[in-house]
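A.B. asks: Got a structure for you, written out below as structure tokens; questions coming shortly.
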Amino acid sequence: MKAAITAWLIALPMASAIPAQADDSEASRPTILFNRWQEDWSVLANPEVPREPFDDLKYAPLWTGAYVSLGADIRERFEAQDAENFGVGDTPSQEYVISRTEGHVDFHWDGLQAFVQLQSDFAPGKLILTPVDQDRLDLEQAFVAYRIEFGDGGELQVRAGRQQIAFDLQRFISVRDGPNVRQSFDALWMEYKLGKWLFTGFYSQPVQDRDLRVFDDYSSNSFTYGGVHAEYRFTGTIGVSASISQFKQDDVRWIAVAGDELRNVFDGRFFGTYKDFDWDVEGMGQLGHIAEDHIAAWAIGALAGYTFEAVGWTPRLGLQLDAASGNSNPNSKTFGTFNPLFPNGYYVTLAGFTGYTNFVHVKPSITVKPVPELTVMLAVADQWRETTADAVYTQPDIPVAGTANHGSAYTGAYVQGRLDWQVNAHLTASLEAVRFNVAESVIQAGGHDGNFVGVESKFAW
């Protein structure tokens, strides 16, 4: 359990270094990773590594130091949702499937890498389609990367092209793996690693899903995100990070204001594991402007837990605390609604009842592992609004009509249960169920209690 928590907090998928070549002396197969481009299948050059069918496609040598690797991912999830947007606006109950298929080609030649990944996403049975639900066929990633090592022990990596970017626990900058269509960026990415330091700089245009025809996703200068990020590791499991970035999007509409939005973003994080404790604390401030209004917004998030390693099923007691600002005075020229930027869609729950905007969230949980391959989590949570002058928001930042400047701060409470099963090296399965009991302020707006069930299988080759 401790190793799993450490991996989740410290090595959660993020846009990080291109891994060094594997040590051929280790006769073991590579692990299939969340970011498929980080895998190194050159270890299959070692005849002692155990073989599986189609390994000639996982490692196809071309010439000295060069090889091509093929791979694929299939994710199928059934969802039942009876209160999208808490039922406000007579939204129907829905039962549907979201289906994601990805295939990639990965070329390596010494420090050079070229990675191309296609995606095909469908949502059969879903009555209300959003841009994150369906993308019939498009380019998910297509980039060239190069790694250079320096004599002082430093390593510089550069990536250019369409790629996926994420930081830390993906509270605010994520791959958006929860919904059907992942978030890609047309970007230039540079990072330098030296000892305990990791420095990153990037500029990007987030990719937007149009889905009018195949291969029509696009990006433009009207929507950009870029910045610098630094991380320092005190030990292998304890570290801090900080970033300064800028988010710019034209023609944005919030409840109280509309226009071109520019946010200068400041983020700090402290994370780690020590003995049986784990923690991750992050704070973000946003300054800038939208139309003629000044922006002053903030958010904090904290996860902490204690794992009883010597107890059967190795239970972990966890506590999650989150808060994000709302717009406390709609008549002011200062706009306080926090923009969650690129949230991951599963940091709170998969149900989408809660956006990381104008809310306060307290969530204790317990996680157990009856067997090493099976993880079971049960949590309860209460939610409030940071200010009643602003709306209740659902995922990612959708206001619930009729809640702004109405009702009390209390939004409601929910119970969440989740089961994750690592069937084998290629197949995983999960089940998540959420029951959300809304408060009177949501009922007055025409909303009602909500139920969500998601059953998912993932196959990776």
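Values quoted throughout were computed directly from the atomic coordinates according to the rules given, and no laboratory measurement underlies them. Model, not experiment: these values are computed from the prediction. Because the Cβ atoms are built from the backbone with ideal geometry, glycine has one as well, and the counts that use them run over all protein chains shown.
A.B. asks: Full-extension gain between Leu137 and Asp276, please, as 0.36 nm times their residue separation minus the C-alpha to C-alpha distance. Mind dumping the intermediate values first?
C.D. replies: Values: separation 139, 0.36 × 139 = 50.04 nm, distance 4.50 nm.
Result for the pair: 45.5 nm of gain on full extension.
A.B. asks: Another question, if that's okay. Taking the Cα centre as origin and putting +1 on Lys and Arg beta-carbons and -1 on Asp and Glu beta-carbons, what dipole magnitude results for the chain, to the nearest 20 debye?
C.D. replies: Details: 34 positive and 59 negative charges, 123 e Å.
Rounded to the nearest 20 debye, it is 600 debye.
A.B. asks: Can you give the helix-only mean residue ellipticity at 222 nm for the chain, where every DSSP H stretch with n ≥ 4 adds -39500 (n - 2.57) and the sum goes over all residues, rounded to the nearest 500 deg cm²/dmol? Please report the intermediate quantities before stating the final value.
C.D. replies: Details: 3 runs with 18 residues, N = 461.
Here the helix-only value at 222 nm equals -1000 deg cm²/dmol.
A.B. asks: Would you kindly state the longest site-free stretch of the chain, with sites defined as trypsin sites (Lys or Arg not before Pro) in a DSSP loop (not H, G, I, E, B) surrounded by at most 13 other Cβ atoms within 10 Å? Spell out each step's value before the answer.
C.D. replies: Values: sites that count: Arg51, Lys196, Arg210, Arg213, Lys275, Lys333.
It works out to 52-195.
A.B. asks: Could I ask something else about it? Once each part is reduced to its C-alpha centroid, what is the distance from region 185-208 to region 25-101 in angstrom?
C.D. replies: If you average the Cα positions of each part, the centres end up 23 Å apart.
A.B. asks: Within 10 Å of each candidate Cβ there may be at most 16 other Cβ atoms; applying that plus a DSSP loop requirement, which GluC sites (Glu not before Pro) in region 336-437 survive? It would help to have the intermediate numbers written out before the result.
C.D. replies: Values: sites: Glu373, Glu386, Glu432; in loops: Glu373, Glu386.
Passing both the DSSP loop test and the Cβ count: Glu373.
A.B. asks: Label Ser332 and Phe459 with points 7 Å out from Cα along Cα→Cβ: what is the distance between them in nm?
C.D. replies: With each label placed 7 Å out from Cα toward Cβ, I get 5.5 nm.
A.B. asks: Using the Karplus curve 6.51 cos²θ - 1.76 cosθ + 1.60 with θ = phi - 60°, work out ³J(HN,Hα) for each residue of region 326-332 in order, rounded to whole Hz, and write x for Gly and Pro.
C.D. replies: Couplings: x, 8, 6, 9, x, 8, 7 Hz.
A.B. asks: Once you've got the Cα coordinates, tell me which of Lys248/Lys275; Lys193/Lys248; Lys58/Lys248; Lys126/Lys333 are over 32 Å apart. Display every interim value, and only then the final one.
C.D. replies: On the way: Lys248/Lys275 42 Å; Lys193/Lys248 28 Å; Lys58/Lys248 40 Å; Lys126/Lys333 40 Å.
Where the Cα-Cα span goes over 32 Å, the pairs concerned are Lys248/Lys275; Lys58/Lys248; Lys126/Lys333.
A.B. asks: A further question on this structure: Using the Karplus equation 6.51 cos²θ - 1.76 cosθ + 1.60 (θ = phi - 60°), what ³J(HN,Hα) coupling, rounded to whole Hz, does each residue of region 162-169 give in order, writing x for Gly and Pro?
C.D. replies: 6, 7, 10, 10, 7, 10, 6, 7
A.B. asks: Let me ask you something else. For region 255-359, state which GluC sites (Glu not before Pro) are in a DSSP loop and have at most 16 other beta carbons lying within 10 Å of their beta carbon.
C.D. replies: Within region 255-359, the qualifying GluC sites (Glu not before Pro) (loop, at most 16 other Cβ atoms within 10 Å) are Glu292, Glu309.
A.B. asks: Filter the chymotrypsin sites (Phe, Trp or Tyr not before Pro) in region 52-119 down to the DSSP loop ones having no more than 12 other Cβ atoms within 10 Å, then list what survives. All intermediate terms of the calculation are to be shown ahead of the outcome.
C.D. replies: Details: sites: Phe54, Tyr59, Trp63, Tyr67, Phe78, Phe86, Tyr96, Phe107, Trp109, Phe115; in loops: Phe54, Tyr59.
Here the chymotrypsin sites (Phe, Trp or Tyr not before Pro) that fit, given the DSSP loop and packing criteria, are Phe54.
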